Amino acid sequence: MAVTRLFINLFKPNQTPEFWNQTAWAILRVAVGIMMIHNGLDKLSNIESFATAYVSVIGLPFPIFFSYVAAFTELIGAPLVAIGFLTRPAAFGLFSTMCVAMYHHIKVAGFSIPYLELSSIYAVCFLFFLVNGAGLFSTDALVTYWLDKFALSQRARQVMLLEKSLNRSISETVES
């Protein structure tokens, strides 16, 4: 029961259902998720170059390894955000990747808006989904619905078992 509640809290959005609000939320989620995929593909197309130009510059050890981590976070996390499945964990990974990208831009160019612009916009979007979840029109919402339904049926079974044992004890008391 506690595990079910944990999963419900992981998947459940923080917002009450309101059609237009949730529609805009879903459009933002899909657009940001789809647009982020190409960043992972770009990294994988020349991983050594990315590792040298970006990861080594900020002083991370194992630049090839961390380049693959960034690429696969974007290639796996972005579609998950787009379809709204495991949105919070995926958004956390993507938010972290964008924070590292912002750090790189600050280290290389200082607080230059043209360099920080895209990664900071992505970071804010992923932070939004990390905090709020995927919204009503998402796979996470369907999972939450199924988990709630399952938890409710589990509680109903427990109540029925309690009623049976109570009826049994009442009938035993009456017979004695």
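The values are calculated or read from the model by the stated rules, or taken from the named source; none is laboratory data. Quick caveat: nothing in here was measured; it's all calculated off a predicted structure. Backbone-built Cβ (ideal geometry, glycine too); neighbour counts: all protein chains shown. Surface areas here come from the heavy atoms of the whole protein model, side chains and all, with no ligands, DNA or RNA. Shrake-Rupley method; radii C 1.70, N 1.55, O 1.52, S 1.80 Å.
Annotations for the structure displayed:
- Candidate values (1) 29, 18, 13; (2) 48, 18, 12; (3) 24, 18, 17, label of the one derived for semi-axes √(5λ) of the Cα gyration tensor in Å: (2)
- Within the same chain, lysines fewer than 8 places from Lys149 are excluded, and of the rest, those with a Cα less than 20 Å from its Cα are Lys12.
- Net charge dipole size for the chain [Lys, Arg +1 and Asp, Glu -1 on Cβ; Debye, nearest 20]: 260
- Label-point gap, in nm, between Val124 and Asn46 - each point 7 angstrom along Cα→Cβ: 3.1
- Using Cβ point charges alone (K and R +1, D and E -1), the dipole size of segment 1-105 about the Cα centre works out to roughly 340 debye.
- Taking the longest Cα principal axis of the chain as reference, the axis of helix 113-132 is set at about 10 degrees.
- Degrees between helix 139-175 axis and first principal axis of the chain (Cα, 0 to 90, nearest 10): 20
- Whole-percent carbon and sulfur share, accessible surface of segment 29-89, 1.4 Å: 76
- Note, ³J(HN,Hα) from phi for segment 74-91, Karplus 6.51, -1.76, 1.60, rounded to Hz, x at Gly and Pro: 6, 6, 9, x, 4, x, 5, 5, 4, 8, x, 10, 6, 4, 4, x, 5, 5
- Adding -39500 (n - 2.57) for every DSSP H run of four residues or longer, then dividing by how many residues the chain holds, sets the calculated 222 nm ellipticity at -28000 deg cm²/dmol.
- In nm, spacing of pseudo-spin labels at Val3 and Ile83 (7 Å Cα→C-beta vector): 2.3
- Accessible area per residue, Å², the chain with all protein chains present, probe 1.4 Å: 61
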